[in-house]
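Peer 1: For reference, the structure I am asking about is given below.
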Amino acid sequence: MEQWNDKRYHNLNFELRQQFGKKMVKLSLDGGFTCPNRDGTLSEKGCVFCSERGSGDFAGEANSPVSTQINDQIELLRGKWPNVGYLGYLQNFTNTYGSMGRLQNLYREILSDTRIEGLVIATRADCLEEEVITLLETLSRETFLWVELGIQSIHASTRDWMNRHEDLDQAMAMIDRLQSCGIRVVIHLILGLPGESREEMIESVKVVGNLHPWGMKLHLLHIMTKTPLAQWYREHPFDMMEKETYIDLLVDCLAQLPPESTIHRLTGDAPRDRLIAPKWAVRKRLILNGVDRELRQRNLWQGKNWTGSKRVWKFNG
Ligand code: SF4
């Protein structure tokens, strides 16, 4: 049986401690971007679940310089975690959707702060031009870098429903492309999307797992105020998973994933006052403890049922 410290899954905390020798904390920074799925290039509506902050509700203020955001966040976190390292996390909207000059200046400004030891860039797979990939490759040789890409579901009807406006095959090819360049990729999937069966959710996990991503985020679908999904839910109420069902599903998903992939998230992260459903989702510790317990009881661990081919990536930096 594989084990990562006290967990039966390859958790991010374990991985970053291996890399840095200490706990690392991500500082959520707002680079002031928008998204082609919101500015009218592809659509004006955005993905159905996307909040007004572009799925980055804990980020600093977009109108503050990034250096101020870094200072503010470190100040906030210092009391809770006095001896940690920091990664800059461009989380909300599409953080490669801008001119090369703008991207270079922003990434370099973040990395010029000596307290920042790595960079995380969330974006869309269709917003990675050749020259942006070259820039990311260069940066990944200089610092610990990963790119986050949302896939959410592999199922065409769900992707249409969520207004994703993204070609799945191209997105999957981009994941391979980035990892071939030595750039770590973290893929987001959402569990609990309406109309998807348990088998379909596990299929998404298996297909994405076959790409052998460096990291995975498994999100529980959250319905949050001020999103298109909130209105859709009012008009088309549907049953959301109970906590126990979700934990049971997560455990099966983990068993299907390659053991090398780092697990960055097993729940969601919504501000309490904005969460409409499911209400139990705010109790993250209960969910994570439930996963640990269920893995033990069923004698499962990440990769136990993994049948994909072995791929070993060589990452830069
Ligand atoms: S791609 Fe990301 S930022 Fe753009 S609408 Fe979808 S979730 Fe929001």
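The values are calculated or read from the model by the stated rules, or taken from the named source; none is laboratory data. Note that the coordinates shown come from a computational prediction; the quantities given were computed from them, not determined experimentally. Counting neighbours? That spans all protein chains shown, and the Cβs are built from the backbone with ideal geometry, glycine included. Keep in mind that these areas ignore ligands, DNA and RNA; they rest on the heavy atoms of the full protein, side chains included. Shrake-Rupley method; radii C 1.70, N 1.55, O 1.52, S 1.80 Å.
Peer 1: Please indicate, with yes or no, whether at least one residue in the range 267-285 is more than 15 Å from residue 205 (Cβ to Cβ) and hydroxyl-bearing (Ser, Thr, Tyr). Step through it out loud before you land on a result.
Peer 2: Step one: list which residues in the range 267-285 are more than 15 Å from residue 205 (Cβ to Cβ), which gives 267-285.
Right, trim to hydroxyl-bearing (Ser, Thr, Tyr) and you get 267.
Yes; the residues of the range 267-285 include at least one that is more than 15 Å from residue 205 (Cβ to Cβ) and hydroxyl-bearing (Ser, Thr, Tyr).
Peer 1: In the range 265-286, is there at least one residue being of a type in the set (Ser, Thr, Tyr) and within 18 Å of the chain's Cα centre (by Cα)?
Peer 2: Step one: of the range 265-286, the residues of a type in the set (Ser, Thr, Tyr) are 267.
Those left that are additionally within 18 Å of the chain's Cα centre (by Cα): 267.
Yes, the range 265-286 contains a residue that is of a type in the set (Ser, Thr, Tyr) and within 18 Å of the chain's Cα centre (by Cα).
Peer 1: Specify which of the listed residues (196, 200) is over 30 Å from residue 317 (Cα atoms), part of a helix (DSSP H, G or I) and touching a His at 6+ places or on another chain (Cβ under 8 Å). Outline the logic, then answer.
Peer 2: Numbers: 196 fails: part of a helix (DSSP H, G or I).
Only one candidate qualifies: 200.
Peer 1: Name the residues in the range 203-214 that are crowded, with 21+ Cβ neighbours inside 10 Å and touching a His at 6+ places or on another chain (Cβ under 9 Å), would you?
Peer 2: Matches in the range 203-214: 204 only.
Peer 1: Which numbered condition in (1) on the phi < 0 side of the Ramachandran plot; (2) open to solvent by 10 Å² or more (accessible area, probe 1.4 Å) is the only one that residue 195 fails?
Peer 2: Every listed condition holds for residue 195 apart from (1).
Peer 1: Let me ask you something else. If you check residue 179 against the conditions, is it closer than 26 Å to residue 256 by Cα and either open to solvent by less than 10 Å² (accessible area, probe 1.4 Å) or without any contact (Cβ under 8 Å) to a residue 40 or more places away in the chain (or both)? Break it down stepwise before answering.
Peer 2: On the way: closer than 26 Å to residue 256 by Cα: yes; either open to solvent by less than 10 Å² (accessible area, probe 1.4 Å) or without any contact (Cβ under 8 Å) to a residue 40 or more places away in the chain (or both): yes.
It is true that residue 179 is closer than 26 Å to residue 256 by Cα and either open to solvent by less than 10 Å² (accessible area, probe 1.4 Å) or without any contact (Cβ under 8 Å) to a residue 40 or more places away in the chain (or both).
Peer 1: Of all residues in the range 244-264, count the ones that are open to solvent by 30 Å² or more (accessible area, probe 1.4 Å), without any contact (Cβ under 8 Å) to a residue 60 or more places away in the chain and closer than 30 Å to residue 310 by Cβ. Before the answer, list the steps.
Peer 2: Let us first name the residues in the range 244-264 that are open to solvent by 30 Å² or more (accessible area, probe 1.4 Å), namely 244-245, 248, 256, 260.
Next, only the ones that are without any contact (Cβ under 8 Å) to a residue 60 or more places away in the chain stay: 244-245, 248, 256.
Filter once more, keeping what is closer than 30 Å to residue 310 by Cβ: 248, 256.
The qualifying residues number 2.
Peer 1: Enumerate the pairs (first residue in the range 154-166 and of a type in the set (A, V, I, L, M, F, W, C); second residue anywhere and open to solvent by 30 Å² or more (accessible area, probe 1.4 Å) and away from the ligand (no atom under 13 Å from the Cβ)) with beta-carbon separation below 6 Å, excluding pairs fewer than 6 apart on the same chain, so at least 6 apart or on different chains.
Peer 2: Qualifying pairs under 6 Å: 154/207.
Peer 1: How many of the residues in the range 150-175 are in a helix (DSSP H, G or I) and either touching a Phe, Trp or Tyr at 6+ places or on another chain (Cβ under 8 Å) or surrounded by fewer than 19 Cβ atoms within 10 Å (Cβ to Cβ) (or both)? Spell out the reasoning first.
Peer 2: Step one: filter the range 150-175 for residues in a helix (DSSP H, G or I), giving 156-161, 168-175.
With the extra rule that they be either touching a Phe, Trp or Tyr at 6+ places or on another chain (Cβ under 8 Å) or surrounded by fewer than 19 Cβ atoms within 10 Å (Cβ to Cβ) (or both), the set shrinks to 156-157, 160-161, 168-170, 173.
Qualifying residue count, the range 150-175: 8.
Peer 1: Please find, among 188, 165, the residue that is within 30 Å of residue 237 (Cα to Cα) and either of a type in the set (Lys, Arg) or in contact with a Lys or Arg (Cβ under 8 Å, 6 or more places away or on another chain) (or both). Working first, answer last.
Peer 2: Details: 165 fails: either of a type in the set (Lys, Arg) or in contact with a Lys or Arg (Cβ under 8 Å, 6 or more places away or on another chain) (or both).
Exactly one residue qualifies, and that residue is 188.
Peer 1: Sort out which residues of the range 177-223 are basic (Lys, Arg) and closer than 26 Å to residue 129 by Cβ, and write them in order of number.
Peer 2: Step one: list which residues in the range 177-223 are basic (Lys, Arg), which gives 177, 184, 198, 206, 217.
Passing the criteria: 177, 184, 217.
Peer 1: I'm trying to understand the selection: among the residues of the range 119-148, which are part of a strand (DSSP E or B) and within 13 Å of the ligand (Cβ to nearest atom)?
Peer 2: So the first thing to find is which residues in the range 119-148 are part of a strand (DSSP E or B), and the list is 119-123, 144-148.
If the condition is that a residue be part of a strand (DSSP E or B) and within 13 Å of the ligand (Cβ to nearest atom), then 121, 122, 123, 148 are the ones that fit.
Peer 1: Can you name the condition, by its number, that residue 226 falls short on among (1) free of Cβ contacts under 8 Å to residues at least 60 places away in the same chain; (2) farther than 23 Å from residue 12 by Cα?
Peer 2: (1)
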